[in-house]
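Asks: Sharing a structure below in structure tokens format, with a few things to ask.
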Amino acid sequence: MLRNARQAGLEPIIPSFQYSIIPWPRPGFSLCGILHLLSHQGGPGFSFGGIVQLLSRQGGPIAKRSEASFYEGVTMKEAHHKGHGKTYKYGMVVDLDKCTGCGACMVACMAENNLPFRKDNSDRLRSSLWMRVYKISNGLPFPDMEISYIPRPCQHCEGHGHHAATPCVSVCPACATDYSHETGIVSQIYTRCFGCRYCMAACPYHVRIFNWWDPTWPKGMEKYLNPDVSVRMRGVVEKCSFCYHRLQRARNKAYAEGRREIHEDEYQTACTQACPAGAITFGDLDNPEHKVYELKKSRYAFRLLEELGTNPKVYYVSTRDWVRKAGDVYTGKKGNDVMPA
Amino acid sequence: MDSASASFDSALIPEGVKRCKLKWFLLWIGILHGPVMVGVVATLMCWGLALNVTYLNNNFPFGLWIAADLGVIALGAGAFFTGFLRYILNIDELKNIVNFAVVIGIMCYAAAQAILGVDIGQPLRGWFIFWHANVHSMLTEVAFCITCYFMVLCIEYLPLILENRQINKIGFFHGMAHHLHEAMPTIAAIGVFLSFFHQGSLGGVPGVLYGRPFAFREGFLVWPWTFFLFILSAIAAGPCFTILITWITEKFARKRLVKRNVIDILARISGRLLVVYLVLKTIDTVYWVSIAGKVGAPFSSFYANHPYGYWVLVLELGILGVIPAIILLSTKARQNENLLVIACLLNCAGIFMNRWIMTVQTLVVPVMSFDKFVSYHPNWVEYASTLLYLWLGAIFISITYRYLPIFPQEKELNPL
Ligand code: SF4
Ligand code: SF4
């Protein structure tokens, strides 16, 4: 496969690097790497790594300073787990009546988040896309036929009721994916994921994708990779992060300027900014000053598969009945007239 | 004349039994190495070229490997369950088959762990499941219990090795084997405890997926109903797998190794458990149909995706469930060796089918209304790397049978 990729002018970033027990992209075995692994795998839940970190008090002055910086009285880890201090609920509202299906959001997402692609990327079931635009139709013959497009990033499910945990987070055996109660964002720790793919089975939205190949880009394109986003190695699962690195960047800026709050327009996802129709709005769903706060209350708003109890943070708005039916139920309870286009 | 007496390895062969000549034995092992090599190549392809060499995809993150994993662990349940019957319920006759059940158990559990080693995308990080354990994940529980239980199986296997004719001559090992035998009820009890948990947790793996209405189940405390169904189906099918492998070994050895009454006890118990399982599984299915329908997943939607139609239900519960149950319950049918073997085969196939359904069919059923159904079938790489453990298991059993006294009744049934 690698040879084919080379022939096609696609070069893996580090050609010899295939497996990793240490955080990528440091190839090879090293004691330092293992210590690094033990001490820096910040993540949720119970972990022997965490205990070692605690015992060895690793983390370094920089980590300590930035942890203490943004939140008053609580560390970043505490805020993450318990939602101490101020919490946010970042989410998205997508106006399906505005979406033209142009795919700019998909392209922007790929560029922003260093998604690899192969010469023939047409295999929908194996290609890497964090944002996917689905095309649906009402199934009626011309002239009554209608089309709608549904952009689908990770829904950053919160879960509720009996299902108080995010579907994918609760099943991951290695705590490699996590729900932040501080931001409402579901994260993915690539260097910890070992590729069991249980989370993929748990996600009903087909959001999670697996790296079936070593990542490759057309020659020269690796120079355009986003330095804020780590490139993923083969054999791990990845997914939309709501451009989390942009939140980090915005926070750093706010900190440098002596602020504790970031403005709505300081943290926007790549897809939101790229959409030429302005169909995507992003912000803190709990903040009345953010546009999404009101938009999500629209009587035409719905979420995908609400009845399952996943409690997603991506809302869709459509004035068309059949579109809402297609989205908020599954297997056609109310939407028997909905046909996949 | 004992044909083995002239063999190079005759000093290692248990006393009072007959084995084929060494050259035939080596030829047989050599033949098995053919498919083993194919499996090794497939495995190396997965590790070397990444998992794009399989037919798995983002819609089917689980495929043959995970189904096979769940299947072999269920079939390996014969080991802990026979131990439970022998050492805890004190069914004395089963001492004549419990050793072999352990051998089969080791084969199954080793296979399950090895298959997982190929299935995960970053095999070198497999240990993260222990190091960064998420105590809420069913898979974590499975990993811990399977690893611990595999160690228990190895400890159960150890006295058999120590009973090898030459090793047993050494006083220390003789004594050790004796002490291990004495400790066996305790070891078996630990095995039973661990097994109940991981068999159940394997059921929990699909059962907790609340985003997948086909597999999701409510349940008791933190355990979905599939937790209990998996335990029950494993102990119903495990003994049948033990009978089946014993029968195959007897065919190759061309002699009886275990008395029929011993086999009959296992078959009878298996039959009764299978009936209980079928009743509960039917109740579970009917109940779930009504629940799922209410929240928008009509029963028909689960079976609307060709080739996963209603025939799946008929095959799993009817042909691979009710038929073997009837045979195993009837004393007369059980006495008929051919019928008994067919019943065991169907029962084992049924468990495999169930595990396939709970993993692959779960992923087949589209959840979003605009999602399209896509089909999955494994490719040769997946088949070869899975079947590899069947061939390795055959080699393992052949060597064990040749050099270790695993069948206490062999001498009596086949006087020299
Ligand atoms: S959409 Fe899927 S990947 Fe995203 S949080 Fe929900 S279950 Fe997890
Ligand atoms: S594939 Fe990675 S993120 Fe997903 S469940 Fe397995 S270890 Fe966790």
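Every number here is computed from the coordinates shown, using simple stated rules; none is lab data. Source: prediction; values computed, not measured. Here the Cβ positions follow ideal geometry from the backbone for every residue, glycine too, while neighbour counts run over all protein chains shown.
Asks: Treating only the Cβ of Lys, Arg, Asp and Glu as charged (+1, +1, -1, -1), what charge dipole size does region B:10-413 show about its Cα centre? Round to the nearest 20 debye.
Replies: That gives a dipole near 980 debye.
Asks: What's the center-to-center distance, using Cα atoms, between region B:79-100 and region B:270-316 in Å?
Replies: 33 Å
Asks: Let me know the volume per residue of the alpha-carbon convex hull for region B:313-416, in Å³.
Replies: In region B:313-416, the Cα hull volume divided by residue count equals 157 Å³.
Asks: If you take the square roots of the eigenvalues of the alpha-carbon gyration tensor of region A:90-326 and sort them as a ≥ b ≥ c, do you get rounded (a/c under 1.5), prolate (a/b over b/c) or oblate?
Replies: Rounded, since a/c falls under 1.5.
Asks: Moving to a separate point now. What is the sum of charges around B:Tyr287, taking Lys and Arg as +1, Asp and Glu as -1, for the other residues whose C-beta is under 15 Å from the C-beta of B:Tyr287?
Replies: Net charge around B:Tyr287: +1.
Asks: Continuing with this model, one more query. Could you check the spin-label model distance between A:Lys119 and A:His160? Points 7 Å from the Cα along Cα→Cβ, value in nm.
Replies: 5.0 nm
Asks: How far, in degrees from 0 to 90, does helix B:22-49 lean away from the longest principal axis of the Cα atoms of chain B, to the nearest 10?
Replies: So the helix axis and the longest Cα principal axis differ by about 30 degrees.
Asks: Let me ask you something else. Please name which of A:Gly91, A:Ser128, B:Gln335 has its Cα lying farthest along the dipole of the protein assembly as shown towards the positive end, using unit charges on Cβ (Lys, Arg +1; Asp, Glu -1) and the Cα centre as origin.
Replies: B:Gln335
Asks: Between B:Lys255 and A:Tyr224, with labels modelled 7 Å along Cα→Cβ, what's the label distance in nm to one decimal, could you check?
Replies: Label at B:Lys255, label at A:Tyr224, 7.5 nm between them.
Asks: On to the next question. Under 4.7 Å Cβ to Cβ, no partner at all: give me those cysteines from chain B, in residue order.
Replies: B:Cys20, B:Cys46, B:Cys108, B:Cys145, B:Cys148, B:Cys154, B:Cys348, each lacking another Cys Cβ under 4.7 Å.
Asks: Shifting gears a bit: Work out the FRET efficiency for B:Lys294 and B:Ile326 from their Cβ-Cβ distance, taking R0 = 51 Å, and round it to the nearest 0.05.
Replies: 0.90
Asks: Taking Rh as the Kirkwood radius computed over C-alpha pairs, what is the Stokes-Einstein D of the protein assembly as shown at 20 °C in a medium of viscosity 1.002 mPa s, expressed in µm² per second?
Replies: 76 µm²/s
Asks: Please give the net charge around B:Ile155, taking every other residue with its beta carbon less than 15 angstrom from that of B:Ile155, where Lys and Arg add +1 and Asp and Glu add -1.
Replies: Local charge sum for B:Ile155: -3.
Asks: How far, in degrees from 0 to 90, does helix B:260-294 lean away from the longest principal axis of the Cα atoms of chain B, to the nearest 10?
Replies: Compared with the principal axis, the helix lies near 10 degrees.
Asks: Tell me the label-point distance for the pair A:Asp265, B:Arg165, using the 7 Å Cα-to-Cβ offset, in nm and rounded to one decimal.
Replies: With each label placed 7 Å out from Cα toward Cβ, I get 9.0 nm.
Asks: Please list the equivalent ellipsoid semi-axes of chain B, computed as the square roots of five times the alpha-carbon gyration tensor eigenvalues, in descending order and whole angstrom.
Replies: After diagonalising the Cα gyration tensor, the semi-axes are 38, 24, 21 Å.
Asks: Can you tell me the FRET efficiency between B:Thr285 and A:Thr87 if r is taken as the Cβ-Cβ distance and R0 is 41 Å, rounded to the nearest 0.05?
Replies: Efficiency at R0 = 41 Å is approximately 0.45.
Asks: May I ask for the angle, rounded to the nearest 10°, between helix B:225-253 and the longest principal axis of chain B, with both axes built from Cα atoms and the value confined to 0 to 90°?
Replies: 40 degrees
Asks: Would you look at the GNM of chain B, springs on alpha carbons closer than 10 Å, and say which of B:Asp264, B:Asp284, B:Asp371 moves the most?
Replies: For chain B, modelled as a Gaussian network with Cα springs under 10 Å, the answer is B:Asp371.
Asks: Something else: Between A:Met145 and A:Lys297, what's the calculated FRET efficiency when r is the beta-carbon distance and R0 is 35 Å? Round to 0.05.
Replies: 0.65
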